[in-house]
1. Using θ = phi - 60° and the Karplus form 6.51 cos²θ - 1.76 cosθ + 1.60, what ³J(HN,Hα) does each residue of the stretch 92-109 get, whole Hz, x for Gly and Pro?
2. Looking only at 247, 86, 146, which one moves most when the chain is put into a Gaussian network model with springs between Cα atoms under 10 Å?
3. Tell me the net charge near residue 220. Cut-off is 12 Å between Cβ atoms, residue 220 excluded, with +1 for each Lys or Arg and -1 for each Asp or Glu.
4. DSSP loop (so not H, G, I, E, B), at most 16 other Cβ within 10 Å: list which trypsin sites (Lys or Arg not before Pro) in the stretch 205-265 pass both filters.
5. Go ahead and estimate [θ] at 222 nm for the chain from helices alone: -39,500 (n - 2.57) per DSSP H run with n ≥ 4, summed, over the residue count, rounded to 500.
6. Report the charge-dipole magnitude of the chain in Debye, nearest 20, computed about the Cα centre from +1 at each Lys and Arg Cβ and -1 at each Asp and Glu Cβ.
7. Work out the charge dipole of the chain with +1 on the Cβ of Lys and Arg and -1 on the Cβ of Asp and Glu about the Cα centre, then indicate which of 11, 23, 144 is farthest towards its positive end.
8. Which length gain, in nm to one decimal place, applies between residue 263 and residue 69 when the Cα-Cα distance is subtracted from 0.36 nm times their residue separation?
Amino acid sequence: SKRLEGKTVIVTGASSGIGKSTAVEFARTSPKNLKLILTARRLDTLKQIAEEIKKEVGEGVKVLPVQLDISKPDQVRAFIPNLPKDFQDIDVLVNNAGLVKGVEKAGDIKEEDIDTMMLTNVTGLINMTQACLQVFRKRGKSGQGDIINIGSIAGRMGYPGGSIYCATKAAVRTFTEAIRMELIATRIRVIEIDPGQVETEFSVVRFGGDKAKADKVYEGVTPLTPDDIAETVVFAAGRPENVVIADMLVYPNHQGSATVMHRKP
Ligand code: NDP
Ligand code: 8X3
């Protein structure tokens with residue numbers, strides 16, 4: 001889309017799943033003139049993805065892989081000042097990095113897992129948002145830019161075995177809603193996309209690398225693909241400047257809530 005031409009886009013958690021697909025989808029949609037900053041902890045994977053993107057769309061998209069652990073406030077603080085000058089004028093932030101650890105119920109949840117989820121999904125997302133708002137506020141008369149937060153159905157309702165993850169995504173949802181109001185006198189758009197079940201590394205991470213347990217989550221169903229969500233992210237970013245896709249809930253066809261799934265016997 002012409003509307004994305006010339007933009008600088010950051011995707012957090014671009015090494016896998018929805019973030020990776022989102023990076024590729026931005027490049028495909030605006031192959032002529034785009035700057036993409038791919039961030040995650042796994043730098044080697046980001047470098048490979050940058051190569052894949054270049055191979056597919058050519059040199060019109062400038063891709064910069066940057067190692068960044070968003071759960072570390074000092075890394076987020078240093079992130080924008082350390083970008084090459086021609087990548088610092090960020091237009092779009094996709095706050096996608098996030099994770100779930102375990103299925104333990106309250107009383108048995110590991111402290112370490114609580115911290116990891118909170119520091120990544122909540123503190124990390126907030127710190128990234130604050131960093132980019134510094135840039136957005138300087139643009140135009142009142143400020144301009146897009147913040148696209150990946151929430152979850154888990155932020156709209158709790159489910160057993162997901163209390164901390166659900167709480168983190170509920171925090172994302174309320175933070176998003178509040179800052180949309182705070183920024184109402186600006187041209188900054190605040191967008192939330194809430195996926196239902198998407199097959200990515202999400203469940204593998206949840207079960208500490210146990211692929212067999214992860215596969216069970218998707219038994220008898222056809223989950224969304226990360227590309228399905230990537231399309232909605234790029235759609236939202238590509239709307240005319242006055243249009244805000246404030247909030248989108250996206251399910252696969254078999255899903256009716258965080259826990260209601262129709263499984264083929
Ligand atoms: P993946 O596990 O495939 O991808 C998660 C990404 O987040 C990875 O690129 C990972 O990169 C990155 N990440 C994790 N921790 C950090 C960190 N501390 N700093 C920087 N990057 C980090 O899962 P998904 O693609 O499914 O998840 C993407 C988002 O979508 C998450 O916010 C998730 O909560 C949300 N979501 C997922 C759903 C699903 O069913 N899959 C449904 C609804 C929402 P690395 O390990 O290299 O750092
Ligand atoms: C991931 C979806 O509800 O399966 O956000 O945990 S859920």
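1. 10, 10, 9, 7, 10, 3, x, 7, 10, 10, x, 10, 5, 8, 3, x, 10, 7
2. Answer for the Gaussian network model of the chain: 86.
3. Computed value for this residue: +1.
4. 263
5. Taking each H run of at least 4 residues, the total per residue is -11500 deg cm²/dmol.
6. 620 debye
7. Farthest along the dipole direction, towards plus: 144.
8. 66.2 nm
Read-outs throughout are calculated quantities, based only on the coordinates presented, and are distinct from any laboratory measurement. Every value quoted in this text rests on a predicted model; they were computed, and no experiment measured them. Virtual Cβ from ideal backbone geometry, glycine too; neighbours counted across all protein chains shown.
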